[in-house]
1. Can you spot the aspartates and glutamates whose alpha carbon is less than 15 Å from A:LYS345's alpha carbon? Ignore those fewer than 8 places along the same chain.
2. How would you rank B:THR73, A:THR128, going from fewest to most other Cβ atoms within 10 Å of each one's own Cβ?
3. Compactness ratio of the stretch A:216-365: Cα Rg over 2.2 N^0.38 Å, N = residue count?
4. Please order B:LEU78, A:LEU236 by the number of other Cβ within 10 Å, starting at the fewest.
5. For the stretch A:244-353, which GluC sites (Glu not before Pro) are in a loop by DSSP, counting at most 10 other Cβ atoms within 10 Å?
6. For the cross-link pairs A:LYS353/A:LYS434; A:LYS124/A:LYS426; A:LYS240/B:LYS89, which exceed 27 Å when the distance is taken from alpha carbon to alpha carbon?
7. Let me confirm one metric for peptide A:226-238, namely the mean number of other chain beta-carbon atoms within 10 Å of its residues' beta-carbons.
8. Could you tell me which residue out of A:THR128, A:PRO212, A:GLY185 lies farthest along the dipole of the stretch A:122-220 toward its positive end? Charges go on the beta carbon: Lys and Arg +1, Asp and Glu -1, centred on the Cα centre.
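Read-outs: derived from the displayed coordinates by stated rules, not from any lab. What you see is a predicted model; the values in this text were computed from it and never measured. Using ideal geometry, Cβ is built from the backbone for each residue, glycine included, and neighbour counts are taken over all protein chains shown.
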Amino acid sequence: MRCFTWLTTSVLLVLAPVAAAQQGATTQISNEQFQQFLREQQEMRQEIQQLKAERAGAGATTQPSTPATVPPVTAPPAAVTQSDLDDIDTEMRKLREQVHTALPGTEHLVIAGDAAVGFVNQQKTNSTFFAGVSPIFLWEPTDRLLFEAAFDVGISTDTDNNSSTSFDLTIADASFIVNDRLIVGGGLFVVPFGQYHNHFDPPWINKLPDDPLVFSDGGIAPGSQVGIFGRGAAPLGSAKLVYDAYVANGPNLITNDPGAAGSLNFDDFTDLNNSKAAGGRIGFLPVPSLEVGYSAQFAQVAPSGFGRNVDAFLQAVDVNWVQEVRPLGGVVTARAEWVWSDVSKVTYDANGKLGFGPMSFGNNRDGGYAMLAYRPTLATNEILRNFEAVFRYDMMHSPLHAPGGEHEQRFEFGIDYWLTPSAVLKVAYEVDDKKVGQDQNAFYVQFGIGL
Amino acid sequence: MSTKTLAILLVAAGFTAISGCGENTQRSSISDTQASAAVPEKAGAQLWAENCSRCHNIRPPQSFSDTQWQAITHHMRLRANLTGEETRKITEFLQASH
């Protein structure tokens, strides 16, 4: 009940300034104002034509006569130059654009996104092509309001060779600019936990064809969640502080699957209890090319009726450095993130009815990645400038006595060729090392594009 | 009051203190300017290069129209934690570079 009261208060606190500021911030115009714009535009067009006619007439009448007989002060038409007419034309174009951009409609609706198609040949599975498209819709009805919607459309084949198509909503939120340092919003949003999901996973940004273990399906970091958020940034001299906070439904604890009990399900947006997840991230940029951050999220994750509360405390640290290094002749990118996921100790299948219990353990997992890339942007050869070499080490540890427990590490080497700033062809080879399961080295080819 | 509720309230208070919640956009712009008065102001082109390239290759200004850039920089302000001043300068630069 206390949680519900707090949430209601939070929503009201968020919506009150939104509603108040909306009255002053709207940029829509009435039909009368629009008609007035059109009349003004028509009047300006007539003035231009009149000026052109007067100038042509003046030129025709004054050229034959002797200039000495015409005092300079009595020749106003000659004062209107082609430059003046160009200026008026420019003003008209600006006015026309202002009128059209102020109209309600699709002018502030942008459809962007990304797409990828590729091929993977992985040990112990059949080789396959894969493809996916991820459109994003941005609608900005006013300068302060933004609506976003995004989804992933893809195809996949599971380990039993069953093919399926997928349609996953990843973003459906509304946000409001409170001031220069704060934005508030709510809906289904990408959780600011670490940097990967928020910044690096689109195929035209990710320099390798697959995701690090901790941020992939079955990983330990949250992706999108339903809730409310506030985020912003503030300058600190020449440095910068960035901050995010959110309250969301949070992940659900898997309790009855013998192969996954104790893991967190981040894909189920329905909350299975009355507790909410609270989290955030704080980042610091001492210089523009370097960002370091710390993220945390706390939630009670047991479904109602499980019998006891189970805490899940997630933490992450991240660093991202991108710098042109002249002695090396190009741009170096270094990224690393580490995630800890601690689920408190609890007994699963306590009465043995599910066939795998009773089993008691605390599911404390961790993992991360470190990536290094180099692109010779200062090379004189244009083709060479478009190549980028990438290396990534990633790993994830989960308790070996827990269902699905594994110690896995991977070494991935890749070469990218940038066709345009947002279109890339990637080739990569991944060396896999598992402690429990069989190693699955993989060869990838992928074309990624940002639209 | 539970520890969790207290923690959430502390986070909210921190946000309010940092962001100056309740100020209007104009006032916060002034405070931004005052806060950064000791360091040279950056132009839109520099902010565009610094902030965009930290995550991805820079998209040329010709990639989108003026109104599209406005929505996209609004989206990137949300996604990349840009300040309002940074967003305005980057948008003006992109719109002027067509």
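1. A:ASP311
2. Sorted ascending by nearby Cβ count, the order is A:THR128, B:THR73.
3. This ratio for the stretch A:216-365 stands at 1.31.
4. A:LEU236, B:LEU78
5. Within the stretch A:244-353, no GluC sites (Glu not before Pro) qualify (loop, at most 10 other Cβ atoms within 10 Å).
6. A:LYS353/A:LYS434, as the Cα separations exceed 27 Å there.
7. Mean shielding by partner chains, rounded to a whole number: 5.
8. Value computed over the given set: A:PRO212.
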